[in-house]
1. What is the distance in Å between the Cα centroid of the range 1-48 and that of the range 55-95?
2. Which residue fluctuates the most in the chain, going by a Gaussian network model with Cα springs under 10 Å, if the choices are G30, G96, G13?
3. Please identify, among L23, L99, L31, the residue showing maximal mean-square fluctuation in a Gaussian network model of the chain using a 10 angstrom Cα cutoff.
4. Expressed as a whole percent, how much of the Cα-Cα distance distribution for the range 54-108 exceeds 16 Å?
5. State whether the range 66-150 is rounded, prolate or oblate according to the following rule on the C-alpha gyration tensor (a ≥ b ≥ c being the square roots of its eigenvalues): a/c under 1.5 gives rounded; otherwise a/b larger than b/c gives prolate, and the remaining case gives oblate.
6. Place a +1 charge on the Cβ of each Lys and Arg in the chain and a -1 charge on the Cβ of each Asp and Glu, then give the dipole magnitude about the Cα centre in debye, rounded to the nearest 20.
7. Which one, A119, Y28, L43, projects farthest toward the positive side of the charge dipole computed for the chain from Cβ point charges (K/R +1, D/E -1)?
8. Any idea what the relative contact order of the chain is, in percent, if you count C-alpha pairs under 8 Å spaced at least 6 apart?
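Bear in mind that the values in this text are calculations on the coordinates, not laboratory data. All figures in this text were calculated on a predicted structure; none of them were measured in a lab. Every residue, glycine among them, receives a Cβ derived from its backbone with ideal geometry; neighbour counts consider all protein chains shown.
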Amino acid sequence: MTFTKGRDLLAAGLGTAALVFLLLKLSYSGLPPLPRLAGLVLLVIAAIDLGLAVSLRARILRKPGAEPVQPLTAARAVALAKASSVLGAIMAGAWGALLLHVAPARGRFPAADNDLTSAVVGLVCAAALIASGLWLERCCRTPDEPGRRA
């Protein structure tokens, strides 16, 4: 398994943004107002990723007193990390498209003001999820052998 590349996350985010922006252009007027804190679910997942990263980091680095990590546990953590960063990129694209759609209309429509807040909260939480997923993935790397150079 290879480590997540920034270009893959960028492609997922931009592709989603383009699709969501098109859908918003076609059907935004028929949508109900978005909950202001809808993006917080992503922040909860990011917190779980961070907690797991802190826990696994000491164990993978074989710090004194930390029990070793089973290979299957590390593989599952890497899979979670990759899924989290990709989900974060996709949701950042979706929230970013919403932000681009409603920002010009703020002040003119109450729904646009509400959805602007939702978009900002969602975008920040999606960025946190990307960062925590990438950090978890980095924490799951095996330590280099002594004397070995990359």
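1. Between the Cα centre of the range 1-48 and that of the range 55-95, the gap is 21 Å.
2. G30
3. Largest GNM mean-square fluctuation: L31.
4. The calculated P(r) of the range 54-108 puts 62 percent of pairs beyond 16 Å.
5. prolate
6. Magnitude of the dipole: close to 360 debye.
7. Of A119, Y28, L43, it is L43.
8. Relative contact order, the chain: 41 percent.
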